[in-house]
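See below for the structure under consideration.
The values are calculated or read from the model by the stated rules, or taken from the named source; none is laboratory data. Owing to the predicted nature of the structure, the values given are computational and were not obtained by experimental measurement. A quick note on method: Cβ atoms are made from the backbone with ideal geometry, for glycine too, and the neighbour counts reach across all protein chains shown.
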Amino acid sequence: MIRDASSPVPSLGKDLLGLEPLSTDQIQLILDTAEPFKEVSERAIKKVPTLRGKTIVNLFYEASTRTRIAFEFAEKRLSADTVNIAAAGSSVEKGESLVDTARNLEAMRIDMVVVRHPSSGAAAFLADRIASNVINAGDGWHEHPTQGLLDLLTIRDKFGRIDGLKVCICGDILHSRVARSNIWGLLKLGAAVAVCGPRSLLPRGIEELGVQVFGRPEEAIEWADVLNVLRLQLERMQGGYIPSLGEFYRVFGITQERLDRAPRDLLILHPGPMNRGVEIDSRVADGPHSVILQQVTNGIAVRMAVLYLLAGGTPERADVSKGEG
Amino acid sequence: MKPILLKGGRVIDPAPQLDQTADVLIEDGRITAVEPNIAAGDGVETVDVSGMVVAPGLIDVHVHFREPGKEEAETVATGAQSAAAGGFTSVCSMPNTQPVTDNQAAVGFIVKQASAANSARVFPYGAISVGQNGEQLAEFARLIEAGVVALSDDGHPVVSSHLMRTALEYAQVFGIPIANHCEELTLADRGTMHEGVVSTRLGLKGIPAAAEDIMVARDVILAELTGGHIHLCHVSTKGAVDIIRRAKDKGVRVTAEVTPHHLTLTHEECEGYNTNAKMNPPLREEADVAALREGLRDGTIDLIATDHAPHHYEAKERDFDEAPFGIIGLETALGLGVHELIGGGVLSLPDLIRRMSTEPARAFHLEGGTLGKGKPADVVVFDPDATWTVDPSRFYSKSRNTPYTDHTLTGRVERTIVGGRTVYERAT
C-alpha cells in the first residue's frame, strides 16, 4: 500500500516507544519508507551516506542477538557511527542508574539511543529525560515496536495488504512485548487479531484491547490467515505457568499435523529465537509457508526506515540512489 | 499556655451529634466550654472563626515516618508537622522503620522524637513479630509499656495463619488492635500494579484483587475464631468490602480503613508509568472505588487513613518496576475528603469528621476524636468552602510523592490545636 503523495507527510516525532501511540499513517509511513531500504541490503556495497555524521548508541540491558545486530547493521548501512553498550561490563554494574547512564551518553553528544531494558516503561522513562531520539528495542513485557513493524512489513510483502487479514498470535502472550506491539500495529492497519495460548499465559483483560481469544490452536488455525508463533520464554516458566514444555507442545505446539487440517495455507511468522519442538515444529518453521528468515531481512530495512525518519528524513528524499563513495 | 476562644464557628462533634454555631473555650490544654456567646475573659486569645468549621482534630491511624533509617524521606518531626498542616492532631506511625519497632528501646525512641517535635501527637505501632519476620511474636506487653497503641507488621502481611491467630489471642488481654496489610503474597507474586486491562497494556505484572480478598477473608475468619480485634489496613477491593460487611453482620470484631487515594483514583493513574501512582495495595477499578465509597457511607469501613508513605525524590525517579510503593497523604486528605466525598454526595460534613476523627479514636482507643468538656483540646479549624491547588513544593512533609499535583481540592486547614497549643496556623 503506497501513500497518496498529495496527503501531508506525518512525522514520527522524537522517539519510537511503541506502536500503541502511533497513528495508522505513521505506521504506513515507516513501512513505505522501509521499501527502498530493502534494496540497499541487496547491493554489493551495502551502504548509503544517509546518516553520515550521526552517532547512535545501542544500550542493551538485556541479552539480545537478532535485534542488536539488526540495529547495528541498519545503523552501519546508513553510515552512522555506532557504539554498543551492554549492561554487563559497563558502569551499570557499578550501580549507575538508567537516567545517569543516558545523561552521560548525551554529554558525549550523541544523536540517538536504541535501548533494550527488562523493565516495562524504561524507554519512555529515558525519552522523557534526554533530548536525543530514543528507540525502544524492547522494554519488559510492554512493546517491541521494531519487531512489530518488521512483522507487519513481512505480512504486507506476502499479501500486499494488512487490512482484512486474520492474524493470530500464539503462545506466551502474558510476558510478550512482541505480542503487544503486534496487536496494536495489526489493529491499526485493519487486521482482525486473535491470540491463542493457555489461559495462564494470557494477560487479564486482553479481550478489551480488541482481540479475539482462542483456547486451542486448532480453532486458531481454522480461523487465521497468518500465525505469529511466539517464543515460549523458558526462563520465565519457573513461575509454574504451564506443567511442562512437553505438554505445551502437545496441546499448543504449532505442528505440521495441525496445519495440514487448515482450510487454507497459513503464513507462519516467529520472532525468534525458536524453541523447536516446543512452540513450533521444525517442519513448520522450515516449511514453504514460513517467512521467519524474511522477517530477519526485513528487520534491517524497517530499522533503517525508523532511524532515517527519526533523524528528520522524509520518504521522498530517502537518499538511497547513490552508494557510498 | 494562654486560653484560646474560638468564636462563631460551625462546631461539629459527631460523637454527641453536635452541629451548630458556637464558641469553643480552651483552657489549660483542655476543652472547658462549647456553647454560644462565651464572653472572652482577660488574657484569652480570641480567634474569630466565623465561616469556619471547628471539629475534633483529625486522627490518622496509618502513617509511615521514616525515622529511624530513612530520615531523608521523613522524620518524626517533619511527619508530625505535615500531619498538623493537614489538620491531624494524632497519628499512628507504622513499625517498618530501620530498625523495626519490635522492642521497647525502638519504641521509646519514637516516643522521644514525637515529644521533641511538639506538634501533632505521634503514637507508635509495635511490630507483631520480631523484625517483622513473621516468625516469633514481639513482646506485646513491653511494647505497650513503652507506648504503642496497636500492633502491625505493615509493609509485610502476616503470612502465617498460626502467627496471626496467636497475635489476635494474645493481644486481647491488652485491648489493642492487630492491624494487617492484607495481601496473599504467593498470588500477588511481586506484582507492581492492579491486575487488569491497564497492567496488560503497560506490560506490568499485576496484583489481582483476589490477593487482598483472600487475606481479608482469612483475617476475619481468625478474628471470629479468636474473638480478637482485627483492624484491616487500606482496604482497596469490592470483594474485601463485601467480606467485611458480612463479618460485621455476624458480629466479628473487625474494623477497617480506606485511604483517600483508593477512594478517588483508579489504575488508569498508572498510565505513563507514573511512579507516584504506584502503591500497595494498588489503585483498582471504578467498581472498587464505588464499593469503597458505599462501604464508607454505610459504616462497613470505619475510617479513613492515609497510609502516608514518604519516599525521597530519587527513589521514585526510576522505572516503574524498581520504584518503591507508596505516596504521601497527610496534607491532602481533608481536601480530598471535602472535595470528592462531600462534593460527590458520599458523606455529609459531620460524617467525614466521624470517619477521620471519631471512629479512628474509637477503633484505636485514643483520647481525642471529640470536643467533649474536659477532653484534651485537640481541635482543627478549617474553611470548608476554600478551594486550593496542590503544590507539593509547599508541603511540610520532606517528601513530594503525590499523584495529586495540580489537583484542585476543597477544604483548607486554618489552624490545628494540640493539647490547647496551636501547632499549625495557615500563613496568610
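Can you confirm whether residue A:138 is within 20 Å of residue A:83 (Cα to Cα), within 12 Å of another protein chain (Cβ to nearest Cβ) and buried (at least 23 other Cβ atoms within 10 Å of the Cβ)? Taking the combined requirement at face value, the residue satisfies it.
Under the condition of being surrounded by fewer than 18 Cβ atoms within 10 Å (Cβ to Cβ) and closer than 25 Å to residue B:348 by Cβ, the residues counted in the range B:23-47 number 2.
Among the residues of the range B:111-162, write down those that are crowded, with 21+ Cβ neighbours inside 10 Å and basic (Lys, Arg). Residue satisfying the conditions is B:121 alone.
When the test is whether a residue is in the same structural domain as residue B:97 (by TED's automatic domain parsing) and assigned to a loop (DSSP other than H, G, I, E, B), residue B:198 does not pass it. Among the residues of the range B:232-239, is any of a type in the set (A, V, I, L, M, F, W, C), more than 18 Å from residue B:294 (Cβ to Cβ) and either assigned to a helix (DSSP H, G or I) or within 14 Å of another protein chain (Cβ to nearest Cβ) (or both)? Checking the range B:232-239: not a single residue is of a type in the set (A, V, I, L, M, F, W, C), more than 18 Å from residue B:294 (Cβ to Cβ) and either assigned to a helix (DSSP H, G or I) or within 14 Å of another protein chain (Cβ to nearest Cβ) (or both).
This table checks each residue for (1) of a type in the set (S, T, N, Q); (2) in contact (Cβ under 8 Å) with a residue 40 or more places away in the chain.
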site: A:235; (1), (2): no, no
site: A:243; (1), (2): no, no
site: A:248; (1), (2): no, yes
site: A:251; (1), (2): no, yes
site: A:256; (1), (2): yes, no
site: A:265; (1), (2): no, no
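Scanning the range A:98-128 for residues that are more than 14 Å from chain B (Cβ to nearest Cβ) and acidic (Asp, Glu) returns A:106, A:111. Of all residues in the range B:178-220, those that are more than 24 Å from residue B:64 (Cα to Cα), at the interface with chain A (Cβ under 9 Å from one of its Cβ atoms) and out of contact with any Pro (no Cβ under 6 Å at 6 or more places or on another chain) total 11.
Okay, residues lined up against (1) aromatic (Phe, Trp, Tyr); (2) within 14 Å of another protein chain (Cβ to nearest Cβ); (3) over 19 Å from residue B:304 (Cα atoms):
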site: B:225; (1), (2), (3): no, no, yes
site: B:256; (1), (2), (3): no, no, no
site: B:274; (1), (2), (3): no, yes, yes
site: B:282; (1), (2), (3): no, yes, no
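Listed by position, the helices (runs of 4 or more DSSP H) inside the range B:248-339 whose residues that are within 20 Å of the chain's Cα centre (by Cα) number at least 1 are B:260-264, B:286-298, B:333-336. When each of A:228, A:298 is tested for being among the polar types (S, T, N, Q), assigned to a strand (DSSP E or B) and either modelled with pLDDT of 95 or more or surrounded by 20 or more Cβ atoms within 10 Å (Cβ to Cβ) (or both), the lone residue that passes is A:228. Scanning the range B:311-345 for residues that are buried (at least 19 other Cβ atoms within 10 Å of the Cβ) and among the β-branched types (Val, Ile, Thr) yields B:327, B:328, B:332, B:338. Note on the range A:202-216: residues that are away from chain B (no Cβ under 11 Å) and crowded, with 23+ Cβ neighbours inside 10 Å total 0. Evaluated against (1) modelled with pLDDT of 95 or more; (2) within 14 Å of chain B (Cβ to nearest Cβ), residue A:168 falls short on exactly one condition, (2). Of the strands (runs of 3 or more DSSP E) contained entirely in the range B:18-65, those carrying at least 1 residues that are more than 29 Å from the chain's Cα centre (by Cα) fall at B:30-35, B:45-48.
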